[in-house]
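The block underneath contains the structure these notes are about, expressed in structure tokens.
The values are calculated or read from the model by the stated rules, or taken from the named source; none is laboratory data. Everything numeric in this text was worked out from a predicted model, so none of it was measured. Neighbour counts run over all protein chains shown; Cβ positions are idealised from the backbone, glycine included. What goes into the accessible areas is simple: the full protein's heavy atoms, side chains included, and nothing from ligands, DNA or RNA. Shrake-Rupley method; radii C 1.70, N 1.55, O 1.52, S 1.80 Å.
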Amino acid sequence: MAFYGIASNLVNYLTTQLHEDTVSSVRNVNSWSGSVWITPILGAYIADTYLGRFWTFTVSSLIYVMGMIMLTTAVSLKSLKPTCTNGICNKASTSQVAFFYISLYTIALGAGGTKPNISTFGADQFDDFNPHEKELKVSFFNWWMFSSFLGALFATLGLVYIQENLGWGLGYGVPTVGLLVSLVVFYLGTPIYRHKVRKTKSPARDLIQVPVTAFKNRKLQLPQNPCQLHEHEPQYYINSGKRQVHYTPIFRFLDKAAVKDGNSGRPPCSVTQVEGTKLVLGMMLIWLVTLVPSTIWAQINTLFVKQGTTMDRSLGSSFQIPAASLGSFVTLSMLISVPMYDRYFVPFMRSKTGNPRGITLLQRLGIGFVIQVIAIAIAYAVEVRRMHVIRVHQITGPKQIVPMNIFWLLPQYVLLGIADVFNAIGLLEFFYDQSPEDMQSLGTTFFTSGIGIGNFLNSFLVTMVDKLTDRGEHKSWIGDNLNDSHLDYYYGFLLVISTLNLGAFIWASSKYVYKRETKEVNEGCIEMDSKALEISPLGLQV
């Protein structure tokens, strides 16, 4: 609620209260939102290496609360806001802008320790070795995101209305109080939480050690049989509580790190260490093809909102729908779709495929990306229609209302909500599930950083498109006056790159090999059924 209470309407605050232009406001929203989703890399590293998830979340949540209090102060005190006289507003002073953005980025810093750790801490409460709890864990991320969507729904319906009609101070004060209440609720459960024990002091060390050792051994020949690579005895894993990971034939250049009697001058890496590095490389490949979908998602709180402000938002004779409130339909479609997915779709597909998840993690992502392409295609068609209405009625003024109901935008919002049930929840579960055992907080940051980079990418695209198209007699595709721009061209551009990206995802997913952990040993060598490897949809098999 706190995050979406800011993000969903920030572009309007920047343009109406701080008087920024459209491109600058979109760029600044994307930069802040991108930072919120990028800082979890630092928070996850601190959690996995030093403090653990509980204490990292605790410290970061206090920083988050401090940022919310500062932001509420920034929008409440007259001395921290630009003054207006007879409808003419002064430009915000340097100190006013600085305090506002310091508040925003304090929140981003706090989010760095909360976002990657609270969901993984929740997943840690399930015991993978208990069949009943393991079955429950399959649904955990669905219901985790469901609860997050409830907060987002209140933000886009209630908080946005409060901000625009009752005041920005109250609109930011409510989520600040809500955040404090939620932390009290969280800490009430402290005595009964399970805390996952860190088995490695520096879990990310293998990501450096394995490639370096493989490079030093680059001139050595790999054995014909992977069983001849170095691996610890089964008793080592029993004593340490770690899990042994199957050998896989992908990224074979890394296998040289496990060659016995190598040239590195130190004991060789184990197959399990090498496979952990392979998992991260495989996830990076999938991560790369999630950046464009994250860019599409960034439109919801930026250009979709500005597009909505130009349309007929009247509901009845006196009520005006806040443009940002249409984002609530993204959340509503999610809230309706999650139970349907979890209670009907998964059991139906489970009966067909035998997969506890119903479909594989990558199949889930693929379905979400397809729906997203359809959504941006509809957004393009609606904008073409809006431009047609503008020409027919000869509308040119930036504040003229286009006689076209804002609910024309509804299908693109709803479809993006349904798409997120597949790709947002799917990505969070995929990166948690496929990460090396001691790097699951860091693994989750693949999800958050993808969203962050997507926001930065959208900021870059908006800036470059504006510069390249605003030349000579040509109008910018994304000008301050959207009634005299070509937003339809920009949406068409997004449609093309998202379609190409879908093809890239299909290729990347065809190359990906799921993580398979086992304790089955035959004569000191891990047995692996290659057929099972090709068809197994499970991310975790013990």
- With each label point set 7 Å from Cα along the Cα-Cβ vector, what nm distance links L410 and F319? 1.4
- What does the highest-first list of 26-38, 370-382 look like by mean Cβ count within 10 Å? 26-38, 370-382
- Task: Report I118's accessible area, 1.4 Å probe, all protein chains in place, as a number in Å² to the nearest 10.
- Result: 40
- Task: Would you please classify the overall shape of the stretch 203-275 from the alpha carbon gyration tensor, given that a ≥ b ≥ c denote the square roots of the eigenvalues, rounded means a/c under 1.5, and beyond that prolate means a/b larger than b/c while oblate covers the rest?
- Result: prolate
- Crossing angle, helix 271-288 versus the chain [Cα axis fit, 0-90 degrees, rounded to tens]: 20
- Are there trypsin sites (Lys or Arg not before Pro) in the stretch 248-289 that DSSP puts in a loop and that have at most 13 other Cβ atoms within 10 Å, and which ones? K260
- Query: Under a point spin-label approximation (7 Å from Cα along Cα-to-Cβ), what is the I506-S351 distance to one decimal in nm?
  - Reply: 3.0
- Message: Can you give me the accessible area per residue for the stretch 203-275, using a 1.4 Å probe, in Å²?
- Response: 56
- Item | Evaluated over the stretch 143-215, the Cα radius of gyration and Dmax, each in Å | 21.1, 63
- Note on the structure: Taking protein heavy atoms only, a 1.4 Å probe, and rounding to whole percent, the accessible area of the stretch 277-526 owed to carbon and sulfur comes out at 64
- Task: Rounded to the nearest 10 degrees, what's the angle between the helix 410-434 long axis and the longest principal axis of the chain, both from Cα atoms, 0 to 90?
- Result: 30
- Task: Run the accessible area of the stretch 203-275 with a 1.4 Å probe and give the carbon-and-sulfur part as a rounded percent.
- Result: 54
- Item | Sites Y193 and M340 - FRET efficiency at Förster radius 30 Å, r taken between beta-carbons, to 0.05 | 0.45
- Item | Theoretical ellipticity at 222 nm over the chain - DSSP helices of four or more residues, -39500 (n - 2.57) apiece, nearest 500 | -20000 deg cm²/dmol
- Task: May I ask you to give the percent of accessible area on the stretch 87-187 that is carbon plus sulfur, with a probe radius of 1.4 Å?
- Result: 72
- Compare S333, S318 by solvent-accessible area with a 1.4 Å probe and give them largest first, with all protein chains kept in place. S318, S333
- Query: So what is the accessible area of the stretch 1-199 per residue, in Å², with the probe set to 1.4 Å?
  - Reply: 44
- Query: Structure shown: which of K115/K137; K78/K306; K219/K242 lie over 24 Å apart, alpha-carbon to alpha-carbon?
  - Reply: K78/K306; K219/K242
- When the Cα atoms of the stretch 1-199 are enclosed in a convex hull and the volume is divided per residue, what value in Å³ results? 123
- May I ask for the percentage of alpha-carbon pairs in the stretch 277-526 that lie more than 33 Å from each other? 29
- Message: Helix 94-123 against the longest principal axis of the chain: what's the angle in degrees, Cα atoms only, rounded to the nearest 10?
- Response: 40
- Message: Please return the longest range in the chain lying between exposed loop sites, taking GluC sites (Glu not before Pro), DSSP loop only, at most 12 other beta-carbon atoms within 10 Å, and leaving the sites out.
- Response: 1-472
- Once the mean 1/r over all distinct Cα pairs of the stretch 331-470 is inverted, what Kirkwood radius in angstroms do you read off? 18.0
- Could you rank D261, D433, D312 by how accessible they are, 1.4 Å probe, largest area first? D261, D312, D433
- Task: Of all alpha-carbon pairs in the stretch 427-523, indicate the percentage at a distance above 21 angstrom.
- Result: 56
- Shape call for the stretch 92-212, from the Cα gyration tensor axes a ≥ b ≥ c (a/c under 1.5 means rounded, otherwise prolate when a/b beats b/c, else oblate), comes out oblate
- Item | Nearest-10 value in Å² for the accessible area of F493, using the 1.4 Å probe | 70
- Query: How big is the shadow of the Cα convex hull of the chain, averaged over all directions, in nm²?
  - Reply: 28.6
- Item | Relative contact order [Cα under 8 Å, 6+ residues apart], the stretch 151-283, whole percent | 24
- Query: For S449, what accessible area in Å² do you get when you roll a 1.4 Å probe over the heavy atoms of the protein chains, rounding to the nearest 10?
  - Reply: 10
